[in-house]
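The values are calculated or read from the model by the stated rules, or taken from the named source; none is laboratory data. Not measured: the values here are computed from a predicted model. Cβ sites come from the backbone with ideal geometry, for glycine too, and all protein chains shown count toward neighbours.
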Amino acid sequence: MLDALSFLAAPFVMCLFIAAIHVYLGLHILERGVIFVDLSLAQVAALGATVAEVFGADEHGLLAHVAAMSFTAVGAAIFAFTRRARKSVSQEALVGVVYAVASAVTVLVLSGSPHGGDHIKDTLVGTLLLASWDQVLRDLVAYSLIGLAEIALAKRFIQISWHPDQAEAESKRVEWWDLLFYLLFGLVVTISVQVAGILVVFSYLIVPAVITSMFSKRIAVRLIAGWVLAVLASTMGLAGSWAWDLPTGATIVATFGALLLLAGIVRALVPRELSAT
């Protein structure tokens, strides 16, 4: 038992850090209706890192990180400066196109690599169990700095996410605020995907937001409830992975899926007048 706690301590703390910032960002993403934007930006970031590796960069080196963030910045700009076209062209469709193209190009880039399959697998489900305390500390510093920026800009970001028409009517610089939001969001996703993988990051981002939206419209209530759900999924996922010798990332994603199914059942059984507003 002590061996399990010692081995899983760093991965569990990493999950808590990921949950802390992704649950909040997930509320924005769900409200904006661009559900798969993190998958898209994560895949774009993965493409950037992959291209850097092909040219000889270390997988975890500075050059790979710079390449990943540079590609992510391009994706962020695409989503920010096409926001006003959402009334005629679905932004979610654009998100899907960017994801598909980035995925296809990544496969093409890796087609000649003998370890291409393993690389794609790690990108999807991550390597959480390999998280070290040094990595946890580095990511804590990064998440904290980004979190402070999110707090400082929260009022503007919330207006754009929850009241987009009003934000556009009051300011001609909404796209630039949106670009800043997506740059910060892309930076978070790029950091998280390197350790947790695309599917795990997507689950932390979207599932708590979807579940809490079934029962409340209040941001503060949804945020706190989302954190509780994310901690529960992290604990159950890591414990199940250890107990049954299952892939950690896939187990956490499956746990989030089970919680979403359970929430749907509860929502169907509980009268709406008893739920929070």
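Tell me which residues, restricted to region 1-33, are within 19 Å of the chain's Cα centre (by Cα) and of a type in the set (D, E, K, R). Walk me through how you get there before you give the answer.
Step one: filter region 1-33 for residues within 19 Å of the chain's Cα centre (by Cα), giving 11-33.
Correct list: Glu31, Arg32.
Looking at (1) within 19 Å of Thr82 (Cα to Cα); (2) without any contact (Cβ under 8 Å) to a residue 40 or more places away in the chain; (3) assigned to a helix (DSSP H, G or I), which is the only condition Phe157 fails?
For Phe157, the exception is condition (2).
Can you name the residue in region 125-135 that is within 17 Å of the chain's Cα centre (by Cα) and among the aliphatic types (A, V, I, L, M) and is also modelled with the highest pLDDT among such residues?
Step by step, filter region 125-135, then rank; the result is Leu128.
Taking region 34-47 as the region of interest, how many residues are modelled with pLDDT of 90 or more and more than 12 Å from the chain's Cα centre (by Cα)?
Total satisfying the criteria: 1.
Go through (1) surrounded by 15 or more Cβ atoms within 10 Å (Cβ to Cβ); (2) more than 17 Å from the chain's Cα centre (by Cα); (3) modelled with pLDDT under 90 one by one and return the number of the condition Val105 breaks.
Of the numbered conditions (1) surrounded by 15 or more Cβ atoms within 10 Å (Cβ to Cβ); (2) more than 17 Å from the chain's Cα centre (by Cα); (3) modelled with pLDDT under 90, the odd one out for Val105 is (3).
Of the residues that sit in region 51-72 and are buried (at least 18 other Cβ atoms within 10 Å of the Cβ) and modelled with pLDDT of 85 or more, which one is nearest to Leu130 (Cα to Cα)? Before you say what the answer is, go through the steps one by one.
Filtering region 51-72 down to residues buried (at least 18 other Cβ atoms within 10 Å of the Cβ) leaves 51-53, 57, 64-65, 67-69, 71-72.
After this cut, where a residue has to be modelled with pLDDT of 85 or more as well, the list is 51-52, 67-69, 71-72.
Working: Val51: 23, Ala52: 22, Ala67: 23, Ala68: 21, Met69: 22, Phe71: 26, Thr72: 25 Å.
For region 51-72, the residue satisfying everything is Ala68.
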